[in-house]
Each structure stands twice: as C-alpha cells, then as structure tokens.
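Here's the structure, in structure tokens; my notes come after.
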Amino acid sequence: MNLIVVSAGLSSPSSTRLLADRLAAATLAHTDTEPEVIELRDLATEIAQHLVTGFPPARLAAALDAVAAADGLIAVTPVFAASYSGLFKSFFDLIDKDALTAKPVLIGATGGTARHSLVTEHALRPLFTHLRALVPPTAVYAASEDWGQEGLAQRIARAGAELARLMAPAARDAAPDPDTATAPAPRSPTGAVTSAKPAAGFEIVPFEQRLAALRAE
C-alpha cells in the first residue's frame, strides 16, 4: 500500500507540513506503507500553467498520478479567509473527477486561532465528499495554541488509526455479504421510511390521505 501526503503549507518549515507529517506517522503506526509527500508550494507555478493551458508539466503530472494511484491520502491545508487555501483547491481542481472515488482521505488544517476549527467540516469535508472520497470521522485542526497539547496528540492518533483501518485491504475491498447485508428500510408510497412491510398485511395510508381525514373531522 502507498500513502500520499499533500501539504499546502507555504513556508518552510510550516505548521501545515508538521501536521501532515504527524498524521502520516500516526497512520504508519497501524499499517505497513511507504508515504510520499507532495509539497504544493513547489508545484505552484506548474499548477497555474495547467489551469491556463490545460496541460500539466511533468512534475505536476507525476503528482496527480501519484494521488490517483494512492491507497490512502492525507490532505492538509492552512486556513485562508476561513477556508482552504487557493493553492490547495487549485490542485484538487486538477484531479480527475473519478480519481478519489472510494479512496480514504484524511483531512487536516492549520490556523492561527481556534475560531477556524470548523473549517474541516464546512469546507474540507464537503469538498472530498463531493469527490466521492471516504473521509474518516476524525478530522484534525491545529491552531497555534494546540501544539504541544495532549488533545491535539489524541486527535492525531485517532485520525491516523481511522485512516489505517480504511486503507486495510479487507476494509477497502470487502463486498457486502448478501446473506448478512441489511435490507433497505421499506418506504411508503410517499417515500417516507416505515417499519411496516406492505407484504406483512399492513395497510400504508399516505400522509396526504390522513391529513385530509383530519380536516374533514
């Protein structure tokens, strides 16, 4: 298995790269894989060229191919204007629309204040859900004051373990067992989920009919 780490930090060193490295280490504690780090600041010019020309330079093409071929992905961005950075978004705009389908993607972000801690939920998670990636339940945001705190270390460890489980071949490739799979909940004629099965002798009365009966009383 191969793990790709995408860091959108702009400085060197950067807290974004530090968080990306710590998330990778937490994942490697639970799985045998070789991580590869993609620093987007080194590809900024190539990303701009691709957006303008439609053709990726060689280094960028290799990075895009690496992300598409990865068994798992860690994506970390600094917070810009209460969201992901433009460089981060531009890179993932260039990813093939199907490249991340069912791929485990652990998301993280860094910022100067805890006030942006929900950026992972209102910006990053919707982005990767739109790309049909598998995003672990735990996302990690690190504010300046979080470094060195036990809470951040615990979140990183939990997130890494979740990504490793999603990357495991048994979890990634397992198909539903038709003998044990849960059947879809039955629905009424109006589409509402109901516990009653029409075949079991229950009469399902549409809501509109019930409402009309109440008005007539």
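Bear in mind these aren't lab numbers, they're just calculated from the coordinates by the rules spelled out. Everything numeric here is computed off the predicted structure, so don't read it as measured data. Note: ideal-geometry Cβ built from the backbone for every residue, glycine included; neighbour counts use all protein chains shown.
Close amide H contacts of residue 74 (hydrogens built in the peptide plane, cut-off under 5 Å, sequence separation of 5 or more or a different chain): 4, 5, 6, 106.
Judged by the mean number of other Cβ atoms found within 10 Å, the most tightly packed of the peptides 128-137, 83-92 leads the ranking 83-92, 128-137.
Across segment 96-165, Cα pairs under 8 Å and at least six residues apart give a relative contact order of 39 percent. Each part gets one Cα centre, and for segment 1-64 versus segment 101-125 those centres are 16 Å apart.
Provide the packing ranking of 205-212, 41-48, i.e. peptides ordered by the mean count of other C-beta atoms within 10 Å per residue, highest first. If you can, show how the numbers build up before the last one.
Working: 205-212: 10.8, 41-48: 16.6.
Result, highest mean Cβ count within 10 Å first: 41-48, 205-212.
In this rough spin-label picture, where each label sits 7 Å from Cα along the Cβ direction, the residue 58-residue 10 distance is 2.9 nm.
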